[in-house]
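Please read the structure below before turning to the comments.
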Amino acid sequence: MNRAETMLVNNRGRAWLQRSYEVPLLQRLGARLAGADVVEIGCGRGVGTELLLERWGVAHVTALDLDPAMVDRARRRLARHGGRVDVRIGDACDLPFGDASIDAVVDFGVIHHVPAWRDAVAETARVLRPGAQFVFEEVTRHALERWSYRTFLEHPEHDRFSAEEFIAELEQHGFVLPEPAVTRFFGDFVIGVAVKPATTPRGPL
Ligand SMILES: C[S@@+](CC[C@H](N)C(=O)[O-])C[C@H]1O[C@@H](n2cnc3c(N)ncnc32)[C@H](O)[C@@H]1O
């Protein structure tokens, strides 16, 4: 992330949006994480992780981020939660977990930053156990093509996804969406909860 985006995400406005809008919306869309062993990819400074622990009542979160500075910030923020949280440097495309070992993966605005974003979806599908949820809030190509995004922020440019393409990729990996994902802000964001079924109807796992 460049300096402008770092300022955009590391501020109280972003925290308010996550707490007051995104979490209640994801709960309405069916996110049920109480007691779960959760992985948050791209945790940033740990606000989402804090909400998982305090609002969602998850049992444990492994919070991963590629950026060591973000990991340091998240560790400081989350220190009071002791053994319920493990904050580490980690890549969404190479998750350090066994197959079918995790109860939920949470993605607050991360996969659109990943050049090989389909690999991140594949990794998520690999580590989730049958019946587990993938809870996501993502930024689409529609947003990334805006003048404001192109001018002030830095994202991979090749092979970005629309909302429909993101959902189609999930379905390729066998995910089902019991509630349809929603788009927000003229299609800039896609938000939803996908479930890995007990048996995969088609496609790779
Ligand atoms: C837009 S920020 C979102 C941060 C936080 N989730 C939030 O909602 O405020 C994207 C974060 O993803 C991290 N990131 C980018 N690529 C990643 C990858 N491949 N694996 C893990 N984290 C990644 C960045 O370092 C950054 O902290």
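The values are calculated or read from the model by the stated rules, or taken from the named source; none is laboratory data. The structure displayed is predicted, hence computed values, not measured ones. Cβ atoms come from the backbone with ideal geometry, glycine included; neighbour counts cover every protein chain shown.
Kindly evaluate VAL58 against the criterion of being touching a strand residue (DSSP E or B) at 6+ places or on another chain (Cβ under 6 Å) and either at pLDDT below 95 or away from the ligand (no atom under 15 Å from the Cβ) (or both). Show your work before the answer.
Values: touching a strand residue (DSSP E or B) at 6+ places or on another chain (Cβ under 6 Å): yes; either at pLDDT below 95 or away from the ligand (no atom under 15 Å from the Cβ) (or both): yes.
Taking the combined requirement at face value, the residue satisfies it.
Scoring GLY42 on the criteria (1) crowded, with 20+ Cβ neighbours inside 10 Å; (2) free of Cβ contacts under 8 Å to residues at least 40 places away in the same chain leaves a single failure, condition (2).
Scanning region 45-77 for residues that are part of a helix (DSSP H, G or I), under 21 Å from VAL182 (Cβ atoms) and among the hydrophobic types (A, V, I, L, M, F, W, C) yields a count of 2.
Of the residues in region 65-88, at least one is near the ligand (Cβ under 9 Å from one of its atoms), under 15 Å from the mean Cα position of the chain (by Cα) and buried (at least 22 other Cβ atoms within 10 Å of the Cβ).
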